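To keep things clear, I will list the structure first and then write my remarks on it.
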């Protein structure tokens, strides 16, 4: 199974790439800086993970198309697409330039459209999962965050509209929300700690617990019915565990 991860050379993206690789997925990664891509691909291979990568400006149509063609030539269509690449320009609106605004929207929003469109046709053939990394800024606002919050709200809108369009092709749409230094550090550690899970669970409301339980139950039923593979079940379970540890860590 192939997983594509954008913005995979540092932070959350890098940690996701390693987590998917350790779960058995092959990796195709991209980021803007070529030396960082080469170094990350080598690190993945050193960890016995089958990985390829190339530099790509995810806001550039030609660059995205080139990355998609490279990926398909190397390993075929992905089963997992993680749209992780993102930037933040944090200033009061009166000081925010048009370049700041456009750059934020290009990387955080336009890239979702370009990258998803580039891989969607191939994913429709075999099904899979699309993960769009959002933020708590996609639900809330904060001072100095007009461009960033607008972009992350757009990520949620894009994902909600995409879901009914692709689910008939057995493509799952999952939104993940990561927003805090604690979240990034935990992801970078590449491990799941039971005490963190317990602490996170203690902060969950009944509604949140029911949603996670429903997602876990659905994954197990789909696996039993043969609708998803064992590798995909592993990825779903890992995603749920990461939600418990990382997403809910912001509440601790």
How many of the residues in the range 118-128 are at pLDDT below 90 and surrounded by 21 or more Cβ atoms within 10 Å (Cβ to Cβ)? 1
Can you name the number of the only condition in (1) touching a helix residue (DSSP H, G or I) at 6+ places or on another chain (Cβ under 7 Å); (2) surrounded by 18 or more Cβ atoms within 10 Å (Cβ to Cβ) that residue 41 fails? (1)
What are the pairs with Cβ atoms under 8 angstrom where one residue, in the range 32-45, is in contact (Cβ under 8 Å) with a residue 40 or more places away in the chain and at negative phi and the other, located anywhere, is in a helix (DSSP H, G or I) and surrounded by 14 or more Cβ atoms within 10 Å (Cβ to Cβ)? Sequence gap at least six, or different chains. none
Please enumerate the residues belonging to the range 47-73 that are touching a residue at least 40 places away in the same chain (Cβ under 8 Å) and either within 18 Å of the chain's Cα centre (by Cα) or buried (at least 19 other Cβ atoms within 10 Å of the Cβ) (or both). 53, 56, 58, 59, 64, 67, 68, 71
Checking the conditions here, which among 115, 105 is closer than 22 Å to residue 152 by Cβ, touching a helix residue (DSSP H, G or I) at 6+ places or on another chain (Cβ under 6 Å) and buried (at least 22 other Cβ atoms within 10 Å of the Cβ)? 115
Verdict on residue 91 being touching a residue at least 12 places away in the same chain (Cβ under 8 Å), closer than 29 Å to residue 143 by Cβ and touching a helix residue (DSSP H, G or I) at 6+ places or on another chain (Cβ under 9 Å): yes
Residues located in the range 2-23, provided they are on the phi > 0 side of the Ramachandran plot and at pLDDT 90 or above: 7
Regarding residue 28, is this residue assigned to a strand (DSSP E or B) and touching a helix residue (DSSP H, G or I) at 6+ places or on another chain (Cβ under 9 Å)? yes
Checked pairs for the range 123-140, first touching a residue at least 24 places away in the same chain (Cβ under 8 Å) and on the phi > 0 side of the Ramachandran plot, second assigned to a helix (DSSP H, G or I) and surrounded by fewer than 16 Cβ atoms within 10 Å (Cβ to Cβ), C-beta under 6 Å and 6 or more apart or across chains, list as none
How about the range 139-165: which of its residues are buried (at least 18 other Cβ atoms within 10 Å of the Cβ) and in contact with a strand residue (DSSP E or B) (Cβ under 9 Å, 6 or more places away or on another chain)? 152, 153, 155, 158, 159, 162
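The values are calculated or read from the model by the stated rules, or taken from the named source; none is laboratory data. Since the model is a prediction, treat every value here as computed from it, not as a measurement. Cβ: placed from backbone, ideal geometry, glycine included. Neighbour counts: every protein chain shown.
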